[in-house]
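Working notes, beginning with the structure itself.
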Amino acid sequence: LVAIGEGQGEFAALCLNTDKAGLSVGMIQWAQYPGRLNELLKAIPKERITAAFGTEAIADSILAHTALAKPTPKVNGGVKKADGKPEDPAMDLTKNDWPGKFRTLCCDAEVQKVQITHAADGFQARKAKLDTAIAGKKTERLVAYFLDVVNQFESPAAGFFKKAFDDGGLPSDLKQRD
């Protein structure tokens, strides 16, 4: 469900900072901010990244840039929290040749397998957080919504959900348990 909602089911779907999270890539839109794009890139065999981007030096620079995090100004994944723009303008992955190269990377069948495996593993771990935060059975829609939120906000998402669920802040059709 998340893959359909986020990336319209396409492995090479891109979001070019329209959500102020920098570049988001793939079937579940791994975003630069909050560092999820780097997680995906680290899971992909480096030779596949090098093949898509041309040289090992460029592959290394992308991995380093998307790993960049610092507290002031708040930067994660190489982009600023305030506007999703890159700390280093030369590494604006939403412009120039970068989007096409990321599409090439995501069209690689081996990279598509990595997307599926990485998404499934991540969702299992994140679903465990939801199960800890909210006991009992949940609707598929609630689980999909939670996974989408946690994919974007990571650490605080389970707490947000527990508070919203306990305080009645979720729509009733999401809260209805099977």
Output ³J(HN,Hα) for region 100-107: one whole-Hz value per residue in order, computed from phi by the Karplus curve 6.51 cos²θ - 1.76 cosθ + 1.60 with θ = phi - 60°, and x for Gly and Pro. x, 5, 5, 4, 4, 4, 6, 7
Which of the lysines could be linked to Lys137 by a straight reach, that is with a Cα gap under 18 Å, when you skip same-chain ones fewer than 8 residues away? Lys127, Lys129, Lys162, Lys163, Lys175
Taking the Cα centre of region 19-137 as the origin, how large is its charge dipole in debye, to the nearest 20, when only Lys and Arg (+1) and Asp and Glu (-1) carry charge on their Cβ atoms? 520
Taking every pair of alpha-carbon atoms in region 5-133, what share in percent sits in each 5 Å bin, from 0 to the bin with the longest distance? 2, 12, 21, 24, 20, 13, 6, 2, 0
Determine, for each peptide in 58-67, 93-102, 129-138, the mean count of other beta carbons within 10 angstrom over its residues, then list the peptides with the highest first. 58-67, 93-102, 129-138
Could you check how much of the accessible area of region 1-148 is carbon and sulfur, as a whole percent, using a 1.4 Å probe? 55
To the nearest 20 debye, region 32-100 has a Cα-centred charge dipole, built from +1 on Lys and Arg Cβ and -1 on Asp and Glu Cβ, of 320
Order 104-112, 34-42 from most to least packed using the mean count of other Cβ atoms within 10 Å. 34-42, 104-112
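The values are calculated or read from the model by the stated rules, or taken from the named source; none is laboratory data. Model, not experiment: these values are computed from the prediction. So basically every Cβ, Gly included, is an ideal-geometry build from the backbone, and we count neighbours across all protein chains shown. The protein model used for the area step is the full one, side chains on, heavy atoms only, and it has no ligands, DNA or RNA in it. Shrake-Rupley method; radii C 1.70, N 1.55, O 1.52, S 1.80 Å.
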